[in-house]
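Contents: one structure, followed by commentary.
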């Protein structure tokens, strides 16, 4: 069995962090897969997907860590060429990764109780994002 | 064909690095999948899974790199809120990632000779961890 | 349906970045999978796979970021033990990750228009690399 689902997000950019666990769970439920794999990805090179305990403190910590590792104020070659001033967002995306794959066991994502799948929009402006989820298994 | 396996690890926390390649290989063998994909994940938001040449020097290098990128001594917002003092572990987990997917070819994980799949426990105390592996293919 | 493909790359090492999107797309096309998942990995512990807008500015930015996060000139324990002087490459690989999984929807990789899958060779010498791709679905 293979099932595809999509969902959309409106983000504010600038390291805006969204919990997408419920949307993923919905697609897994629709798929009726009991054991298998789920894979979610965002089309775009200025966002990332990872897991985090989604609470305001950890979210703020993640935003500060990202700013420390890949500062937004530096001058990037990408910006010099394209003038879109979001070179930092491209780098953050390459570092964190734009897809996430996870086992599905007993019809549920293999995540911990305090572990959420988060979508982080690194771009320098509000964006409407479409994410694609594929669930395969039996 | 879809096959699910689980295994447990006792870790000491604090960036404890475990080679889980043999456990993964065992689940792939059990699955009888000759070509397909394997995906392993840890339930929990204070650990990570990646690949590394598993030898003492590289392990120590990884521990030092992680400490440099996400210092454990800093004050994190997560700790201020929850008082569990492991905010650094949550960030390290979000940076490294909590799952790993890899092709299975000719009945084996598509890994290099000196390349191991490692589980890293970032938490600030010993933990018993359960990992879930799904192998699908034919 | 499960389909496996491989392809080879000659790299110059030292953070050499290659766009492998076309090779991945070719394997997806060969597979005839319309909806499912693709997973690509490199056998080896001194390379990485991620996504990036593949243009000279962003490539140079990525190389500079990697150098900042994991400097090649530092002394690493791995080098002291093995004398192969590529400890930095092992760490960069563990940080970026050596595999990439992505949904396949309507027969195409779920990537953005300006988003490419890139292979980065972190080793300290030219290498011939073999990558394995598995596509599964229906």
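Values in this text are rule-based calculations from the coordinates and carry no lab data. Every value quoted in this text rests on a predicted model; they were computed, and no experiment measured them. Every residue, glycine among them, receives a Cβ derived from its backbone with ideal geometry; neighbour counts consider all protein chains shown.
The table below gives the values:
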| item | result |
| --- | --- |
| Estimated inter-spin distance, residue C:125 and residue B:19, nm [label 7 Å along Cα→Cβ] | 2.3 |
| In range of the label at residue C:34: residues from the stretch C:102-119 whose backbone nitrogen is under 13 Å from the point 7 Å along Cα→Cβ | C:105-108 |
| Gaussian network model of chain C, springs between alpha carbon atoms under 10 Å - residue of C:41, C:89, C:105 with greatest fluctuation | C:105 |
| Estimated [θ] at 222 nm from DSSP helical runs (n ≥ 4, -39500 (n - 2.57)) normalised by residues in chain A, nearest 500 | -9000 deg cm²/dmol |
| The stretch B:96-138 versus the stretch C:9-84: alpha-carbon centroid distance in Å | 19 |
| Globularity ratio of chain C, using Cα Rg and 2.2 N^0.38 Å | 1.11 |
| Rounded to 10°, Cα long-axis angle of helix A:56-69 versus longest principal axis of chain A | 50 |
| Rel. contact order, % - alpha carbon contacts under 8 angstrom, at least six apart, the stretch C:68-122 | 28 |
| Where rotation carries A onto C, the chain A residue whose Cβ is nearest that axis, in whole Å | A:101, 2 |
| For residue A:63, inter-copy label distances in nm, listed shortest first [label point 7 Å out on the Cα-Cβ vector] | 3.4, 3.4 |
| Relative contact order of the stretch B:2-137, defined on C-alpha pairs under 8 angstrom at six or more residues apart (%) | 54 |
| Gaussian network model of chain B, Cα within-10 Å springs - most flexible of B:71, B:126, B:56 | B:56 |
| Helix C:21-31 axis, angle to chain C major axis (alpha carbon atoms, nearest 10°) | 40 |
| Ascending list, in nanometres, of distances separating the residue A:12 label from those of the other copies (7 Å, Cα toward Cβ) | 4.4, 4.4 |
| Copies compared at residue B:1 - label distances in nm, ascending, label defined 7 Å from Cα in the Cβ direction | 2.1, 2.1 |
| Selected from B:28, B:118, B:102 as most flexible by GNM, with chain B as the system and alpha-carbon contacts under 10 Å | B:102 |
| Rg/Rh ratio calculated on Cα atoms of the protein assembly as shown (Kirkwood radius) | 0.93 |
| nm² value of the averaged projected area, convex hull over the Cα atoms of the stretch C:53-128 | 6.6 |
| Proxy reagent accessibility, fewest Cβ within 10 Å first, across C:42, B:15 | B:15, C:42 |
